[in-house]
Amino acid sequence: MIIYNVTMNIDETVHEQWMNWMKNSFIKQMMQTPYFKSARMVKVLVNEEMGGLTYSTQFETDSTDTLAKFYANEHDILLGEGYKLFADKMLIFATELAVLEEY
């Protein structure tokens, strides 16, 4: 299993609007694609020097090939909406994680 992890730091001035977008648009749209089978959103418990609140949203997929198809077909469209809405109020970085074992 592969986890596509999207970490976002959001300025507190747009936090409520951003959270609404995440729950009612972004995550739903991601899950409507054929690439992901589950998702979870967590708050990162850290006080950022730059301010804002940080969250991690993790999307599970079956393989790196499936994730590559997501990048080719949907990535820019789905994340692009967030960039348009929140511009300089949101910082995003993504990581790909391989699950080695589950206990």
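The table that follows gives values for the structure above.
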quantity	calculated
Subset of the stretch 32-46 [in contact (Cβ under 8 Å) with a residue 12 or more places away in the chain and either of a type in the set (A, V, I, L, M) or assigned to a strand (DSSP E or B) (or both)]	Ser38, Ala39, Arg40, Met41, Val42, Lys43, Val44
One residue from Glu49, Glu60 being open to solvent by 20 Å² or more (accessible area, probe 1.4 Å), without any contact (Cβ under 8 Å) to a residue 60 or more places away in the chain, among the acidic types (Asp, Glu) and part of a strand (DSSP E or B)	Glu60
Every residue from the stretch 60-99 that is farther than 23 Å from Glu16 by Cβ and either polar (S, T, N, Q) or under 12 Å from the mean Cα position of the chain (by Cα) (or both)	Glu60, Thr61, Ser63, Thr64, Thr66, Asn73, His75, Ala94, Thr95, Glu96
Evaluation of Leu85 against (1) part of a helix (DSSP H, G or I); (2) out of contact with any helix residue (DSSP H, G or I) (no Cβ under 7 Å at 6 or more places or on another chain) (one fails), failing number	(2)
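The values are calculated or read from the model by the stated rules, or taken from the named source; none is laboratory data. Computed from a predicted structure; not experimentally measured. A quick note on method: Cβ atoms are made from the backbone with ideal geometry, for glycine too, and the neighbour counts reach across all protein chains shown. The accessibility values were calculated without ligands, DNA or RNA, using every heavy atom of the protein model including side chains. Shrake-Rupley method; radii C 1.70, N 1.55, O 1.52, S 1.80 Å.
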